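Structure first, then comments.
Where a number appears in this text, it was derived from the coordinates with a stated rule and is not lab data. Computed from a prediction, not measured in an experiment: that's the story for all the values here. When we count neighbours, we look across all protein chains shown, and the Cβ atoms used for this are built from the backbone with ideal geometry, even at glycine.
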Amino acid sequence: MTELLYMPDNEYQKEFDAQVSKTGGSDGKAYICLEESLFYKEGGGQPADHGRISWNGRSADVVDVQQENGEIRHYLEDYEELPESGTEVHGEIDWERRYKHMRMHTAVHVISWVVLNRYDASADGNQIHEEYSRIDFRPITFSQDNLEKIENQVNALIQKGLEVEKKNMDREMVEEQIQEGRMNLDIIPNSVDPLRVIEIGGQDLCPCGGTHLDNIKEIGRIDITDRETKGSDKDRLIFELEEAE
């Protein structure tokens with residue numbers, strides 16, 4: 001199994017060296033597996049990292065990273081031939097893309113925390129993009145006044161500059177400390193122990209395997225741009241980010 005070098009708290013590293021453990025192809029697309037990797041694999045509503053792999057004077061673009069059949073596959077394009085197993089390679093993350101996802105994913109946590117505490121509604125799925133993201137909540141039907149209050153409270157929290165701690169924690173301890181409604185731990189197999197958790201300001205605790213900021217002030221400012229009804233008790237919030245000053 002590939003060692004994930006960004007876990008539990010190393011999202012800001014941009015380059016790494018590793019050894020190829022396997023090469024292959026799936027649905028006409030070539031991939032390599034590495035002994036260790038900084039590339040984030042798609043999951044939890046967050047897209048995969050992109051970047052570049054180089055070796056022996058050659059290189060290839062990493063255009064997708066997926067966990068399939070128990071292995072993490074780095075799908076490649078723009079190459080002449082694949083590196084052989086055992087080859088030492090150098091990886092570079094597309095930092096602009098990674099950092100946008102880090103800001104968005106951390107914002108998802110802050111918004112979800114605020115909505116849970118203010119309206120007793122839980123996050124019920126999310127999808128992160130570079131330019132906008134969305135979160136589904138239930139049970140709730142938001143009014144325009146609700147949206148303005150959420151936006152104002154989240155932006156006020158961001159300005160406090162709360163630290164984001166990323167760490168591994170025993171599952172039993174997470175079950176004891178996590179706020180009711182913050183996350184359904186049943187969706188995580190019992191075999192996963194310890195859990196990687198994100199804790200904001202020593203207050204909001206949530207298991208998560210995504211990439212996040214070290215301080216929520218880096219988020220900048222959130223703008224809730226739309227609301228969609230997804231059922232009788234389920235609403236979707238769509239938001240964008242402004243750059244941090």
Scan (1) surrounded by fewer than 18 Cβ atoms within 10 Å (Cβ to Cβ); (2) aliphatic (A, V, I, L, M); (3) more than 21 Å from residue 168 (Cβ to Cβ); (4) touching a residue at least 60 places away in the same chain (Cβ under 8 Å) for the single condition residue 93 breaks and write down its number. (1)
Residue set 203, 177; condition more than 27 Å from residue 98 (Cα to Cα) and of a type outside the set (A, V, I, L, M); output residue 177
Does residue 235 satisfy the criteria of being over 24 Å from residue 6 (Cα atoms) and in contact with a strand residue (DSSP E or B) (Cβ under 7 Å, 6 or more places away or on another chain)? yes
Index of the failed condition, residue 55 passing every other in (1) buried (at least 22 other Cβ atoms within 10 Å of the Cβ); (2) farther than 30 Å from residue 109 by Cβ: (1)
Of the conditions (1) in contact with a Pro (Cβ under 9 Å, 6 or more places away or on another chain); (2) part of a helix (DSSP H, G or I), the single one that residue 147 does not satisfy is (1)
Can you say whether residue 222 is in contact with a strand residue (DSSP E or B) (Cβ under 6 Å, 6 or more places away or on another chain) and β-branched (Val, Ile, Thr), as far as the supplied structure shows? yes
Of those in segment 20-76 that are among the hydroxyl-bearing types (Ser, Thr, Tyr) and assigned to a strand (DSSP E or B), the residue nearest to residue 132 (Cα to Cα) is 75
If we keep only residues of segment 73-98 that are of a type in the set (Phe, Trp, Tyr) and closer than 15 Å to residue 48 by Cβ, then the residue farthest from the chain's Cα centre (by Cα) is 75
Output the residues belonging to segment 180-207 that are in contact with a helix residue (DSSP H, G or I) (Cβ under 7 Å, 6 or more places away or on another chain) and either among the basic types (Lys, Arg) or touching a residue at least 40 places away in the same chain (Cβ under 8 Å) (or both). 181, 182, 198, 200, 204, 206
Looking only at segment 134-157, filter to residues that are farther than 13 Å from residue 107 by Cα and among the acidic types (Asp, Glu); which one of those is surrounded by the most Cβ atoms within 10 Å (Cβ to Cβ)? 136
It is to be established whether one or more residues within segment 197-204 are closer than 26 Å to residue 65 by Cα and either touching a Ser or Thr at 6+ places or on another chain (Cβ under 7 Å) or buried (at least 19 other Cβ atoms within 10 Å of the Cβ) (or both). yes
Within segment 231-244, restricting attention to residues that are part of a loop (DSSP other than H, G, I, E, B) and more than 23 Å from the chain's Cα centre (by Cα), which residue is farthest from residue 115 (Cα to Cα)? 232
With criteria (1) within 22 Å of residue 6 (Cα to Cα); (2) surrounded by fewer than 19 Cβ atoms within 10 Å (Cβ to Cβ); (3) in contact (Cβ under 8 Å) with a residue 40 or more places away in the chain; (4) of a type in the set (Lys, Arg), residue 160 comes up short on (1)
